Every structure is written in C-alpha cells, then in structure tokens.
Amino acid sequence: MEMILVGSDAFVRLIFFGGIFLGFAFWEGLAPRRVLTCGKGARWRNNLTLTACNTLMVRLLMPGGAAGAALVAGENDWGMLNWVSLPGWACWLLALVALDLAIYGQHVLFHRIRLFWRLHRMHHSDLDIDVTTGARFHPLEIILSLVIKIGAVVALGAPAGAVVAFEIILNATAMFNHGNIRLPSRADRWLRLLLVTPDMHRVHHSVIRQETDSNFGFNFPWWDRLFGTYREQPEAGHLAMTIGLANYRDRKWLRLPWMLLTPFIRADSRPS
Ligand SMILES: [Zn+2]
Ligand SMILES: [Zn+2]
C-alpha cells in the first residue's frame, strides 16, 4: 500500500496541486480580500514558473523525496515510531502533528538565522499575497527544507503514507492560507482554532518587522499560540496593510532572475 502511495507520489501531488490551485484561483476571483497592488500577470508568470522549476528540481535531485526516506527508515527500524507498538492510525496522527511542529520550528529558524533568512526572504519579497505566493520559495530553501524534513521523518520513523498525506495537506493549506480570499470574520475566528487562515498568515507577510516575525504556522495554528508568536490582526488592518519587505519595494524583485539572486545581493531587507 505504502509502496503504491510513494510510487505514485509525484502524479498524486500534481493532480492535487493542479485541482486545488484552480479551485483557490477561482475563489480569489469570486471573493477577493484585497485589491492587488501589482496585479496577477507578471507575478503569476514568475511565481508559477519558479514553482514548476522547483518541482522538477526536487524530482531530479531526490526522486523518492521524504516519503522514500520514510520507507528506508521503516525497513531499517529507524526512528521513534518504529520502536513502539502503536496502532497505525495513532502513528499517522502523531506523525502529522509532529511534522507540522517541525515545519513551524524550521520556519522560525529561517527568520532567526541570518544565513537562512537570505534564502527565505524571497518568499516575503512578493509585493502582493495570493495563491501563487504559497509556492514562491527559493530553490535553495526548497533543498534545505527537504534535508530538514528528511531528518525529521527519519528521527520520527514516520509512516511513508503519512508523509505523502502531510505533503499533500501542506500544499493545499499553503495555497489556502496565502489565498487572497475573503472569509466572513466569524468563519475566520472559528476556522483559526483548527487551521491557519488567510487572514492569520497575511499578518506574516506584513512589511512591519514585528508582524513578519509572527504567525509562523502553516497547517495548525496552535504552535504560534503555544510559543507566543501569535498575532491576531495586522496593525493597519487587512485592507490598508503593506505586503512585502521594506527594502524590496522595486518591482524587479517580482521577476525570476532577481528572485533567484535575492539570497546573494546585499540589499538586505531587514531594517535593524
Ligand atoms: Zn516567513
Ligand atoms: Zn507565506
């Protein structure tokens, strides 16, 4: 079963990614939260080209991905969940929650460690935030994330099926919580007890540093509340807030060559 899941991983994820992307893009058109300052044309072209290149790169570099590492760990009895006898569903649940905590921790480190921030700041230099921002990550950040994820998967002994499920869920929630989607405030309040909502993650894309350094969660909102990094709303309000980074206001940073150069150019965005 797990072999089949891992074997069809790329295909399954492509189908999910395409379908969910179109769904959220349609939703953004029907009920947009903000008027985009730069529009979609060039941003979407560049963000989506980068996403396609990143997907291809990961497939070529590590065809088995994190799920392949989970299979190897399972065969060799590596990792905590392989040392205890728990029902399958409990292993899945623990793996999903623990991997989400690992991704939260990694995101905090990408903001705190200067070298990591150089890679991550490209995600924040988008001047608008919508469904395409959810996959706008520098290729070097993607590789580093994959190495960290494989480390977490092996240390945990996560079931391969749970790893595939986690990645599909993460793709979907990242598109959802970056979406320029208007939700009734009551729905947002209830939903954010369980899930990071677009309004919650938008705070993280604010140009104000204290707001950028908050709401690090991707799936579950609990880690931010637990570790004191939760911020309910942006100071300026969702419609008036400025998205992006203080020193990356030029529209050239929306173009692919400049996006790729972002870690190496000393226009460091962090106003100290
Ligand atoms: Zn971030
Ligand atoms: Zn984001």
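For the chain, the longest piece that avoids every one of the chymotrypsin sites (Phe, Trp or Tyr not before Pro) found in DSSP loops with at most 15 other C-beta atoms within 10 Å covers 84-226. The distance from the alpha carbon centre of segment 197-262 to that of segment 75-132 is 18 Å, rounded to a whole number. Taking Lys and Arg as +1 and Asp and Glu as -1, the other residues whose beta-carbon sits under 13 Å from that of residue 185 total +2. Based on the Kirkwood radius over alpha-carbon pairs, what value in µm²/s does the Stokes-Einstein equation return for the translational diffusion coefficient of the chain at 10 °C and 1.306 mPa s? This corresponds to a translational diffusion coefficient of 83 µm²/s. How charged is the neighbourhood of residue 128? Take every other residue with its Cβ under 12 Å from the Cβ of residue 128, and add Lys/Arg as +1 and Asp/Glu as -1. Charge balance near residue 128 sits at +4. For the residues 145, 185, 125, a GNM of the chain with alpha-carbon springs under 10 Å puts the largest fluctuation on 185.
Could you tell me the relative contact order of the chain? Use alpha-carbon pairs under 8 Å, at least six residues apart, and round to a whole percent.
On the way: 374 pairs, mean separation 70.4, N = 272.
It comes to 26 percent, rounded to a whole number.
Shape summary of segment 175-272, radius of gyration then Dmax from alpha carbon positions: 14.7, 43 Å. Estimated translational diffusion coefficient (Stokes-Einstein, Kirkwood radius over Cα pairs, 10 °C, 1.306 mPa s) of segment 18-153: 92 µm² per second.
Here, each number is a calculation from the coordinates, and none is a lab measurement. All values reported here derive from a predicted model rather than from experimental measurement. Glycine also receives a Cβ, built like all others from the backbone with ideal geometry; neighbour counts cover every protein chain displayed.
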